Amino acid sequence: MNIKYYGYNAFLIESDGKVIAIDPGNLFFYWFRFTTLFPESEWHRITYIFITHGDPDHYWHADRIAKASNFTRTYNPADDELFKREVEKTGAKCVILHDGDSIDLSGES
């Protein structure tokens, strides 16, 4: 397993052929620019996106990453149905996890 920290709140975890992005938001408070935290060169490799909550600095680029990836599932809390609808427009599957929920990714390829 390899975990890479991209600053602020963004992590990329690689394990068993899966690439998981956690909070692919932006540097929202940095000169009011919406700069991506993950390099765009990594977007096509991401297979899962986890969003910790529905603030833009945590999810801002998730729809673009989902569009760049052919196999992306996103997981986010129930506090942002608008985010869910926007991501599903890209063809990605969006699953809402509630407090205490868990998910097993070992059986998915």
Quiz item: Are any of the residues in the range 47-56 surrounded by 18 or more Cβ atoms within 10 Å (Cβ to Cβ), of a type in the set (Phe, Trp, Tyr), in a loop (DSSP other than H, G, I, E, B) and modelled with pLDDT under 90?
Solution: no
Quiz item: Out of all the residues in the range 1-44, which are open to solvent by less than 80 Å² (accessible area, probe 1.4 Å), at pLDDT below 90 and among the aromatic types (Phe, Trp, Tyr)?
Solution: 6, 28, 38
Quiz item: List the pairs whose first member sits in the range 1-13 and is touching a residue at least 24 places away in the same chain (Cβ under 8 Å), whose second member is assigned to a strand (DSSP E or B), and whose Cβ atoms are under 6 Å apart, counting only residues at least 6 apart or on separate chains?
Solution: 12/4; 12/21
Quiz item: Can you pull out the residues in the range 90-109 that are among the charged types (D, E, K, R) and under 15 Å from the mean Cα position of the chain (by Cα)?
Solution: 93
Quiz item: Do we find a residue being part of a loop (DSSP other than H, G, I, E, B), at pLDDT below 85 and charged (D, E, K, R) anywhere in the range 61-75?
Solution: no
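The values are calculated or read from the model by the stated rules, or taken from the named source; none is laboratory data. These figures come from a predicted structure and were not determined experimentally. Here Cβ is always computed from backbone atoms with ideal geometry, including for glycine, and neighbour counts include all displayed protein chains. To get the accessible areas, we keep the full protein, side chains included, count just its heavy atoms, and leave off ligands, DNA and RNA. Shrake-Rupley method; radii C 1.70, N 1.55, O 1.52, S 1.80 Å.
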